[in-house]
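Comments concern the structure below.
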Ligand SMILES: Cc1ncc(COP(=O)(O)O)c(C=O)c1O
Ligand SMILES: Cc1ncc(COP(=O)(O)O)c(C=O)c1O
């Protein structure tokens, strides 16, 4: 079925990463290990993304993440985390070059409407790198307060 | 099938009279026998009706007809001709009382749009009676010139 | 299930209990078409919009159907809008254009501007839509046809002006089978930079459907005339045209026609079109032969008749004949008694008493229009059936003429 | 053919390969319904407008179907207009009224006057139709619902004024199954002398359909939600109301909706409605029990959940639940992997990223609306299926919550 993933349902790779996501942060105690943290959120599509990275010698050698997101957000971030860690780590300069498009390619595509999801992990990563650079050793406390967009019913019902 | 004849296709009786119409004028030579002639035409529904009657002692004792008309016109006129002749003839005064409705009843109904057809024979009959009264013995020559309504395409295409 | 339906190739025999010469009114569904669609009633019943495997199955099936059709009519997938009938497609094409002007006029609080052009022998779907547009303030121009039923191209060229929003000319006529020269019509429209829609319901089974060769911007096809399901249709719409929807709701059909997709109906439509393309040449030849045989028989064996409409530029399955001096409806009913199903060219039998506007537009006299019968052949038609029909027809015409007051005059 | 299809009562088993909890999206066709309609594809294929026996056969079949439905919804035959979908019926009801004003405004070259009233949790068919009317100049008023999803009757009474052309309030909601109090709504409309339409697509299988008891002037039903064909629908229309057609053409459906009748679809619709009436009480009881069992299981076995919409005034087959801290789409896809077909209350998975406007209208927070799943049970649903689903659901929710950054917070 050639059409899968191309323009609607997800590709095989997306399914794989969605059902068995890699590098999820399973235990909050792990957080201590990391020295970079980023968080981005967009409740418009119900997405919130957190990412932790461990940087040594300007190389990311470990990475964990969490998300309140849909399947494409989960799969994209899982794939990103694999791309960051697969060859014994990646140089920060190279990590910064990874785009949503690169992630999508590795996933075998995403539906049009879900493309923005591939950017989420990428954005969280940048935040994490910035955070690492700003504050090399201390990781800020996890900010539990999530800002939600106000619902805009007007977009649907034209009153 | 109760619905037959009630509001669309024709009743059994209509079918019968359409397929085997009674009292058709088969031979123009017969015309001599008659002393009353009527003709009405309405090319709007493609209807033209001719009727010949033989009157004796103020009673119609024979009747023939011809039509360029649809099935309901044929059946109605056939039925009318039966009604005129069935009990050894009918008094002129009684014949004049027959309405389209009476014919329709005997036919088991006609579709709404075809009701006017039942009036055709009836109208031709009146003409024939008038003709008989006006000109007791001589029957006028058959008027072959049929006046046709001008087609009005405008009724459909609103130009 | 498939096999069981295939067995129903007793079909041919079933159908043959009567002789069906009314294929332009509607066709039976072909067993191959039904069996292709059946699984989508019982097992693959998902809603294509559902985001799970059952939905995906239906979604993919529709996508494949769309691809199949796109290939056949030589367009892109997103240029095919599935609808609920030929009539709906026609309405969508015409009103979809008109509604943009309607919207603007209402917003600005002014009267309507603009005109639509069509011709005098169109189907009621076009004519009544145009009449409605006329009622609300559009100008409607009807181009005349000549006595063979073919549009007067010169008139068309003259009628188009700066305010013309759309030209709509049918492909083949439903009463006479007369085929309009779409490529030539298209040339005129392109020169004047005006959009062209064609109601191709009657042409879809037998004629060229490549919209690029035909030069169309919009094209209507339906299922009920091509051995597929009633209540199905499609509109080809050039992707550069944005139509205002008639039916608002979900985001189906590229936001041009809302409502849960009629999945089995769409599958069936694609299958029927596919089959018709495979068989087109052979079947057209076969039917053209039968048609011409039928016409010759009528002309030779029944005096005082005429064939209505061009004899060459017509569908291979259409014979429209007038039998002078008698009424079409009466002939129809006599044939019906003998198991032969035909139609009157005249609408007298249906809900109107007016004679056929198509024949009248060709300059045919009122009473001759009233005397017409349409025979439309089909997949199962045989020479034997035609011979039998001619025999019954001859007898019926004779009988009716005997009771016609007009006949004696006509004979001369 | 009938017998062969009846054999397909393997149906139940076929369907059971997956657990289908998306019956509000669409239902499979019942074998009894299909077998009733099948002859009208192959053998009784006539066009009801054809004036011969093959046509008559189809015409009578449609008439009988119409009579059957008229009896069920307690109206006259000519008050039933067959259409091509629920969406089309809704559009016909609303625009059929609006177009009269549109026509007048265009003739007079002025802007639109008048308002339409509906409520915030309607289906897209109503909402997008209303939005379009708004665009061209009508005033549209949306009545609010309370937190259980039920309309605020007081607001409705206050909103109606002299310029109100129509009130349109759905019967049961497609996402939450919440049932609106139509008789009370009708009372208000009657007092103010305003027409009332109801979109009863979701209510048709389980609820009272007597339009006199409900007090409706117009009512929409479709086939795809009541185990009948997709691409079929009907509009009940009080005979005193004249609607401007959306689709012009032949004189079908009492001149209100043109196009060759979808004969098999109409037969199927009547059969399905008939069956649903016969089974309504028993089936409703059965499903209500299963529904309440399902709800209790969710509440007991999965922490931090909420059931959306009134628990009593809801369809017997609808469970709409939010699972805090995770996204609906992810739950849906995990269940799908295990063969369970459900829907997100949120539209995130389909073509829009916005959370469900229905849940939002009930005052449910954005992220909770995003966490919702709709389970809609059906004819073949068993307790076993529910038990299995609860098991899979529990695991899936747990897994997703483990990867959610929100969950730790929500738990507290
Ligand atoms: C409440 C409601 N109204 C209208 C519709 C539209 O029906 P259809 O898809 O047949 O156009 C649906 C289903 O899609 C529905 O659930
Ligand atoms: C030329 C033509 N256009 C349009 C239609 C309308 O199609 P439908 O009956 O599917 O609405 C027909 C057939 O009825 C037709 O023959």
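No lab work stands behind these numbers, since they all come straight from the coordinates. Because the structure is a prediction, the values reported are computed rather than measured. All Cβ positions, glycine included, derive from the backbone under ideal geometry; neighbour counts span all protein chains shown.
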Legend entry - Mean separation of Cα contacts under 8 Å, 6 or more apart, over the residue count of segment C:31-274: relative contact order %: 27
Inset, instruction - At 7 Å along the Cα-to-beta-carbon direction for both residue C:64 and residue C:162, put a label point, then send me their distance in nm to one decimal. - result: 5.3
Legend entry - Label distances, nm, residue C:208 versus same residue in remaining copies, Cβ-directed 7 Å point: 6.3
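When the helix-only estimate is applied to chain D (DSSP H runs of n ≥ 4, each -39,500 (n - 2.57), divided by the residue count), what is the mean residue ellipticity at 222 nm, nearest 500 deg cm²/dmol?
Only helices count here, giving -13500 deg cm²/dmol.
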Legend entry - Cα gyration tensor shape for segment C:288-412, rounded if a/c is under 1.5, else prolate or oblate: rounded
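Fewest to most neighbouring Cβ within 10 Å: what's the order for D:42, C:166?
Details: D:42 20, C:166 23.
Listed from fewest to most nearby Cβ atoms, that is D:42, C:166.
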Inset, instruction - With label points built 7 Å along Cα→Cβ from the Cα atoms of residue C:154 and residue C:365, find their separation and express it in nm. - result: 2.7
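Using a 10 Å cut-off on Cβ to Cβ distances, tally the other chain neighbours for every residue of C:323-334 and report the average as a whole number. Working shown, then result.
Numbers: counts 0, 0, 1, 5, 11, 3, 11, 10, 1, 5, 13, 3.
Per residue, the number of nearby Cβ atoms from other chains is 5 on average.
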Legend entry - At 7 Å out from Cα toward Cβ: residue C:53 inter-copy label distances (nm, ascending): 5.0
Legend entry - Rg/Rh (Cα only; Kirkwood hydrodynamic radius) as it applies to the protein assembly as shown: 1.05
Legend entry - Exam field: residue D:395 pseudo-label spacings to other copies (7 Å along Cα-Cβ), nanometres: 7.5
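For residue C:282 and residue A:20, what does the FRET efficiency come to when R0 = 51 Å and r is the distance between their Cβ atoms, rounded to the nearest 0.05?
Values: r = 55 Å, r/R0 = 1.08.
E between residue C:282 and residue A:20, to the nearest 0.05, is 0.40.
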Inset, instruction - Determine the relative contact order of chain D: mean sequence separation of Cα pairs under 8 Å and six or more apart, normalised by residue count, in whole percent. - result: 20
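Shielding of C:94-100 by partners, i.e. mean partner chain Cβ atoms within 10 Å per residue? Mind showing how you got there, number by number?
Details: counts 1, 3, 0, 0, 0, 3, 0.
Taking all residues of C:94-100 together, the mean is 1.
What is the calculated FRET efficiency for residue A:30 to residue D:384, with r their C-beta to C-beta distance and R₀ = 45 Å, to the nearest 0.05? Kindly include the intermediate steps, with their values, before the conclusion.
Working: r = 40 Å, r/R0 = 0.89.
After rounding to 0.05, the efficiency reads 0.65.
What shape does segment C:148-215 have by the C-alpha gyration tensor, where a ≥ b ≥ c are the square roots of the eigenvalues, rounded means a/c under 1.5, and otherwise prolate means a/b greater than b/c and oblate the rest? Walk me through the intermediate numbers first.
On the way: a/c = 2.15, a/b = 1.53, b/c = 1.41.
Prolate is the answer for segment C:148-215, as a/c is 1.5 or above and a/b outweighs b/c.
How would you classify segment D:163-275 from its alpha-carbon gyration tensor, with a ≥ b ≥ c the square roots of the eigenvalues: rounded for a/c under 1.5, else prolate if a/b is greater than b/c, otherwise oblate? Write down the numbers at each step before the final one.
Numbers: a/c = 2.20, a/b = 1.19, b/c = 1.85.
In terms of gyration-tensor shape, oblate.
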Legend entry - Highest-MSF residue in chain D out of D:209, D:335, D:56 [GNM, Cα springs under 10 Å]: D:56
Legend entry - Per-pair calculated FRET efficiency, R0 = 25 Å: residue D:313 and residue D:113 via Cβ, rounded to 0.05: 0.10
Legend entry - Listed residues D:115, D:104, D:47, most fluctuating in chain D (Gaussian network, C-alpha, under 10 Å): D:104
Legend entry - Cα centroid of segment C:127-201 to Cα centroid of segment C:376-405, whole Å: 35
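Sorted from fewest to most neighbouring beta carbons within 10 Å, what does the list B:51, C:219 look like? Before the final figure, lay out each step's value.
Details: B:51 33, C:219 29.
Taking fewest neighbouring Cβ atoms as first place, the list is C:219, B:51.
Give the average, rounded to an integer, of partner chain Cβ atoms located within 10 angstrom of each Cβ in C:79-90.
On the way: counts 0, 0, 0, 1, 5, 12, 11, 4, 9, 9, 2, 5.
Going residue by residue through C:79-90 and averaging, the value is 5.
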Inset, instruction - Determine which chain C residue has its Cβ at minimum distance from the rotation axis mapping C onto D, giving the value in whole Å. - result: C:84, 1
Inset, instruction - Calculate I(q)/I(0) for chain C by the Debye formula, one identical point scatterer on each C-alpha and no solvent, and give its log10 at q = 0.13, 0.14 Å⁻¹ to two decimals. - result: -1.14, -1.27
Legend entry - Proxy reagent accessibility, fewest Cβ within 10 Å first, across C:155, D:367: C:155, D:367
Legend entry - Spin-label proximity, residue D:289 to segment D:298-337 - amide N less than 12 Å from point 7 Å beyond Cα toward beta carbon: none
